[in-house]
Amino acid sequence: PWVWVPTLYLAEGIPYFIVTAISVTLFAQLGVPNSEMALFTSLITFPWVIKPIWSPFVDVLKTKRWWVLAMQALMCITILLIGSFAPKGYFTLGLILFTITAFASATHDIAADGFYLLALDEKRKSIFVGIRSTFYRIASIFSQGLLVYIAGTIEAKTDNIPLSWQITIGLTGVVLLLVTLYHTLLLPRPREDAERREQTIRGAMHELRQSFSTF
């Protein structure tokens, strides 16, 4: 578990803080009015509020491992695109990309937590609860501390706000890309997770109805 639990929860935390904290700092520096910012922050945090609605689909379709890797790959793409366009003042496109990232991140939360439960026995689940929380907090420090520091340092040296955020967000995208490649190679394949692929469509629909009714 030491091979993948810390990095899994880094990958869970970084996109969340990029969307909820860095986006606000970025667009505030670019001069987006407060009235637009209020709508913006409401939209991009909404996916985490409603994620229980589609969590049964993640439980039934594909495997948790597949969802984890697919959402990490999607977040890599959207964050790299955010770094390319949002700092240049493309507010609407930036809003769309941040929203897609938010949906991918919320879905990744569902899959990662489910994968954790399937991949570890009861003893290790208890042992690693504190570890995963610690690395989620490290993701917060990385995103809201180190990234802001890097952007501020580049801005101070270049006097160019868009460039500073392009480099900083681009660096974040590269970090997530490396984590995704790492997980592709080293994330385990729990038997309990793999068995889901073999169920019939009828069985999947039954499980989906059960998930919704339980919720």
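The values are calculated or read from the model by the stated rules, or taken from the named source; none is laboratory data. Given the structure is predicted, the values throughout are model-derived calculations rather than measurements. We place every Cβ from the backbone using ideal geometry, glycine too, and count neighbours over all the protein chains shown. Heavy atoms of the whole protein, side chains included, go into the accessibility calculation; ligands, DNA and RNA do not. Shrake-Rupley method; radii C 1.70, N 1.55, O 1.52, S 1.80 Å.
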Just checking, which of Ala106, Ala111, Ala73, Ala139 is out of contact with any Lys or Arg (no Cβ under 9 Å at 6 or more places or on another chain), crowded, with 19+ Cβ neighbours inside 10 Å and either in a helix (DSSP H, G or I) or modelled with pLDDT of 90 or more (or both)? Ala139
For the range 142-178, enumerate the residues that are open to solvent by 40 Å² or more (accessible area, probe 1.4 Å) and either hydroxyl-bearing (Ser, Thr, Tyr) or touching a strand residue (DSSP E or B) at 6+ places or on another chain (Cβ under 6 Å) (or both). Tyr149, Thr153, Thr158
Given the conditions (1) of a type in the set (A, V, I, L, M, F, W, C); (2) surrounded by fewer than 17 Cβ atoms within 10 Å (Cβ to Cβ); (3) outside any helix (DSSP H, G or I), and given that Val32 satisfies all but one, which numbered condition is not satisfied? (2)
So which residues in the range 59-70 are over 15 Å from the mean Cα position of the chain (by Cα), in a helix (DSSP H, G or I) and among the hydrophobic types (A, V, I, L, M, F, W, C), if there are any at all? Val60
Subset of the range 191-215, residues open to solvent by 100 Å² or more (accessible area, probe 1.4 Å), among the charged types (D, E, K, R) and at pLDDT 75 or above, comes to Arg191, Arg209
One residue is enough: does the range 10-23 have a residue meeting the conditions part of a helix (DSSP H, G or I) and free of Cβ contacts under 8 Å to residues at least 12 places away in the same chain? no
Among the residues of the range 43-65, is there at least one that is surrounded by fewer than 21 Cβ atoms within 10 Å (Cβ to Cβ), without any contact (Cβ under 8 Å) to a residue 24 or more places away in the chain and not β-branched (Val, Ile, Thr)? no
Among the residues of the range 87-101, which ones are farther than 15 Å from Thr20 by Cα and either buried (at least 23 other Cβ atoms within 10 Å of the Cβ) or not β-branched (Val, Ile, Thr) (or both)? Pro87, Lys88, Gly89, Tyr90, Phe91, Leu93
Quick check on the range 119-135. Is at least one of its residues under 30 Å from Gly31 (Cα atoms), in contact (Cβ under 8 Å) with a residue 40 or more places away in the chain and surrounded by 15 or more Cβ atoms within 10 Å (Cβ to Cβ)? no
Given (1) under 20 Å from the mean Cα position of the chain (by Cα); (2) under 27 Å from Ile77 (Cβ atoms); (3) of a type outside the set (Phe, Trp, Tyr), index of the condition Ile161 fails: (1)
Given the structure, is Thr153 hydroxyl-bearing (Ser, Thr, Tyr) and closer than 19 Å to Leu81 by Cβ? no
Go through the residues of the range 3-25 one by one and say whether even a single one is under 30 Å from Ala194 (Cβ atoms) and surrounded by fewer than 17 Cβ atoms within 10 Å (Cβ to Cβ). yes
